[in-house]
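The values are calculated or read from the model by the stated rules, or taken from the named source; none is laboratory data. This is a predicted model, so every value here is computed, not measured. Glycine gets a Cβ as well: all are built from the backbone with ideal geometry, and neighbour counts include every protein chain shown. Surface areas here come from the heavy atoms of the whole protein model, side chains and all, with no ligands, DNA or RNA. Shrake-Rupley method; radii C 1.70, N 1.55, O 1.52, S 1.80 Å.
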Amino acid sequence: MPDGQKRNLSESFGDLSESFGDLSESLGDLSETFGDLSKSFGNIHNIHKLLTIKKGGIMNDYIPHKDSELVPWSANFTAGITANAASWGVTPDEVKDLQIADTLFSTLQAKVDSPAKTTVLVAEKNAARKTLEANIRGLVGFRLKNPVVTDAQRIALGLHVRDTTPSNIPPPVTRPDMTLHVVDVRRLKLMFHDMDSKNKARPYGTNGAVIAYGVLDAPPANPDALTHTVLATRTPHTLEFTEEQRGKTVYVAICWQNEKGQRGPWSDIESAVVP
């Protein structure tokens, strides 16, 4: 190869080497950038955790976040509700619903923790947890607002003690409007919004809507005659029924509730046939 071509080839390889060097430095800078970005997201996550604790969010929720911790917590809560149901005003149907939900979740959680774990079992366990949480929150947000329940009893159930600081938020003054829709077999979807608004936002100061319902032979005189209650924090809310209740009539009423457990006016009592 002539000397001129050798020099040109050498210079080309030199330029290529410098290009790879620059590329390596760029990738190094990019790596540092992603490292800084990762740290930033980590700091944001930590800040979010602190904020949720301050605001009483998920990290400060009385229901354990981990499924393995919820099993013993729910068993204790269910035992306490069962033992004190009569004095706390919890109906037999509400006790039965809680016991069934607790047993189903603990059974499925045990299967998920075993070699028999499947994606189907995980989905069933997650659905069972949602049902269990709805039963628990319904009792805590409604029945356990009963003043006969002491702070010591609430602590024994695994709950937070009541806030005794006076609140400036008054009881709700409006009522929700609702509609019932068939989801599938044994399931009805309840959609609700404030009577003064068409959007899904709850009125200021409310923590959810108390849904009272019952499968009855005749229309109830008032919502107090309805045998089940649940606190719905968002719309829609799904009501689930047993095979024996299919074809029967369920009656439903709904009202807003604030953080102090004070309720607003009830909606009209609606009815639907359990699909």
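Here the stretch 141-263 has 51 percent of its accessible surface on carbon and sulfur atoms, given a 1.4 Å probe and all protein chains in place.
For the stretch 130-204, applying the loop criterion from DSSP together with a ceiling of 15 other beta carbons within 10 Å to the chymotrypsin sites (Phe, Trp or Tyr not before Pro) yields Tyr204. For a 20 Å ceiling on Cα separation, which of these pairs sit above it: Lys66/Lys111; Lys66/Lys125; Lys66/Lys200? The answer is Lys66/Lys200. Packing order of peptides 246-252, 146-152, highest average first: 246-252, 146-152 (average count of other Cβ atoms within 10 Å over each peptide's residues).
Karplus-derived 3J(HN,Hα) values for the stretch 208-225, using 6.51 cos²θ - 1.76 cosθ + 1.60 with θ = phi - 60°, are x, 10, 7, 9, 10, 8, x, 8, 10, 7, 9, x, x, 6, 7, x, 5, 7 Hz; glycine and proline are entered as x. Using a cutoff of 8 angstrom between alpha carbon atoms and counting only pairs six or more residues apart, the relative contact order for the stretch 117-275 works out to 27 percent.
For the stretch 72-192, the per residue solvent-accessible surface stands at 53 Å², with DNA, RNA and ligands left out and a 1.4 Å probe. Alpha carbon centre of the stretch 226-248 versus the stretch 112-154: separation in Å? What the calculation gives is 15 Å, centre to centre.
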